[in-house]
Amino acid sequence: MGKGLASAFASVGASAQGAVPTPDTAQTLPPAVLRALHDQSHWLGSWWTVAALGVLAAGLASAAVLRWRGGGRAWPTAIAATGALALVAMAGINAYAGYVPSVAAAQVVLAGHGIGGLGSQSVGTARTGALHAVHVPVPAALHMPDATTWVYTPPGYDPASTRYPVVYLIHGEPGTSSDWVAGGDAAHTMDVLTDAGLVPPMILVSPDVNGVTETDTECLDSTRGGPQVETYLLDVLVPWVDDHLATIPDPEHRILGGMSAGAYCAVDQGLRHQDVFSTILAIMPYVNPGEGGRDMLSTSAELAAHDVASYLPDLTLPRPVPVFVDVPGDDRQSEEAAQAATLVRLLAARGEPLEYRAEPHQHHTWTMARTALPYALAFAARHL
């Protein structure tokens, strides 16, 4: 998500008073939970896979050279070596970014693009939740695409007898609704945390917040004739979820989270709509809408109304707002880190319930988001 440096530094300067709490960097989840979260099914996004493909490429290249020196036909082996090298590059990028950590994630990504049916639905059991690809009808006037929304229902989901809290997870930019299910590994994470008793059974909803004409929407209502994303979230998506799923339909049991641009969305929408949401989960957050906001909004006054650093000090809140903030440990000098520190400083000054983490050896990737998510969900569970 592109952000204007001048706007970022203005936000930081506006909240220069007060110290930023020191982020927690410890792995505080139980070791058994950490092992379950990083199970062997994630081999597709492993550096070991990159290494294995590298060995294969090197072997094929050596074979091609030997064939050439021996006067044989080397080109078939050379083509195979070139293909293997391409796979090494793709696997390396994926291992770093963490977008497709497993075969199940790849199936979700393909299903989200209308390729194949694998991954679009799964059946829940007593220990695993179910994953559903659903379509929420969108009024044409909102200029939002007819996109897939991913819904996770928890193990033992029983709409006849039980109602559940809902966690809404918003993707970044560029991004799509399948991101949290694929790169974020949200369904598996919920299964592990529920089984360990760290969270109660909860529903997860991952919508698409891209517009028809804009993708970096920041979850705003455009005043330039573009997508009406805020209206979609509040007046279409949340009511649809409450009508079609066994939710606890009150703000105290609705959690809004996201990563990067989605984290800004969670902070801005969550703070300004405490009549709809309660807890906020902000992974790699920003505090202003940046370039996307300037494309969506018409005036400086409209932008200021969505600059969290500007309005948070004087914002009236009906109740304490629990906020979870997590940043990449290796990007602590970045603009992103400065904006996250601004958010933490302002929340701490107000005395809001706050957890602030930095994940060691992480960068602005889906690996970081996947690492932070279990801590975020456990925080949300403690504040239900």
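The values are calculated or read from the model by the stated rules, or taken from the named source; none is laboratory data. Values in this document were obtained by computation on a predicted structure and should not be read as measured data. Here the Cβ is made from the backbone with ideal geometry for all residues, glycine too, and neighbour counts use every protein chain on show. Just the protein is used for accessible areas: all its heavy atoms, side chains included, with ligands, DNA and RNA removed. Shrake-Rupley method; radii C 1.70, N 1.55, O 1.52, S 1.80 Å.
Tally the residues that are surrounded by fewer than 16 Cβ atoms within 10 Å (Cβ to Cβ) and not in a helix (DSSP H, G or I), restricting the search to region 46-78.
4
Return the residue satisfying two criteria in turn: it lies in region 279-304 and is assigned to a loop (DSSP other than H, G, I, E, B), under 14 Å from the mean Cα position of the chain (by Cα) and not hydroxyl-bearing (Ser, Thr, Tyr), and of such residues it is nearest to Ser222 (Cα to Cα).
Pro285
Restrict the check to region 243-258 and report whether at least one residue is touching a residue at least 40 places away in the same chain (Cβ under 8 Å), in contact with a Gly (Cβ under 8 Å, 6 or more places away or on another chain) and either acidic (Asp, Glu) or not in a helix (DSSP H, G or I) (or both).
Within region 243-258, one or more residues are touching a residue at least 40 places away in the same chain (Cβ under 8 Å), in contact with a Gly (Cβ under 8 Å, 6 or more places away or on another chain) and either acidic (Asp, Glu) or not in a helix (DSSP H, G or I) (or both).
Just one of Thr247, Thr231, Thr215 is open to solvent by 10 Å² or more (accessible area, probe 1.4 Å), among the β-branched types (Val, Ile, Thr) and more than 19 Å from the chain's Cα centre (by Cα); which is it?
Only one candidate passes the filter, namely Thr231.
If you scan region 40-53, which residues turn out to be modelled with pLDDT under 75 and either touching a Lys or Arg at 6+ places or on another chain (Cβ under 8 Å) or not polar (S, T, N, Q) (or both)?
Those that are modelled with pLDDT under 75 and either touching a Lys or Arg at 6+ places or on another chain (Cβ under 8 Å) or not polar (S, T, N, Q) (or both): His42, Trp43, Leu44, Gly45, Trp47.
Checking the condition over 19 Å from the mean Cα position of the chain (by Cα), within 29 Å of Leu204 (Cα to Cα) and at pLDDT 75 or above, which residue from Thr82, Thr128 passes?
Thr128
Among what's in region 204-242 and is touching a Leu at 6+ places or on another chain (Cβ under 6 Å) and in a loop (DSSP other than H, G, I, E, B), pick the residue that is nearest to Pro174 (Cα to Cα).
Pro207
Could you check Ala196 against (1) closer than 21 Å to Asp250 by Cβ; (2) surrounded by fewer than 17 Cβ atoms within 10 Å (Cβ to Cβ) and say which number it fails?
Single failed check for Ala196: (1).
Only one of (1) surrounded by fewer than 18 Cβ atoms within 10 Å (Cβ to Cβ); (2) of a type outside the set (A, V, I, L, M, F, W, C); (3) part of a strand (DSSP E or B) is not met by Asp158, so which one is it?
(3)
Evaluate region 342-360: report whether one residue or more is farther than 16 Å from Val321 by Cβ, part of a loop (DSSP other than H, G, I, E, B) and open to solvent by 10 Å² or more (accessible area, probe 1.4 Å).
Yes, region 342-360 contains a residue that is farther than 16 Å from Val321 by Cβ, part of a loop (DSSP other than H, G, I, E, B) and open to solvent by 10 Å² or more (accessible area, probe 1.4 Å).
What pairs come out if I take residues in region 61-74 that are more than 22 Å from Leu87 (Cα to Cα) and pair them with residues that are assigned to a loop (DSSP other than H, G, I, E, B) and among the basic types (Lys, Arg) whose C-beta lies under 9 Å away, six or more apart or interchain?
If the second residue must be assigned to a loop (DSSP other than H, G, I, E, B) and among the basic types (Lys, Arg), the pairs left are Arg67/Arg73.
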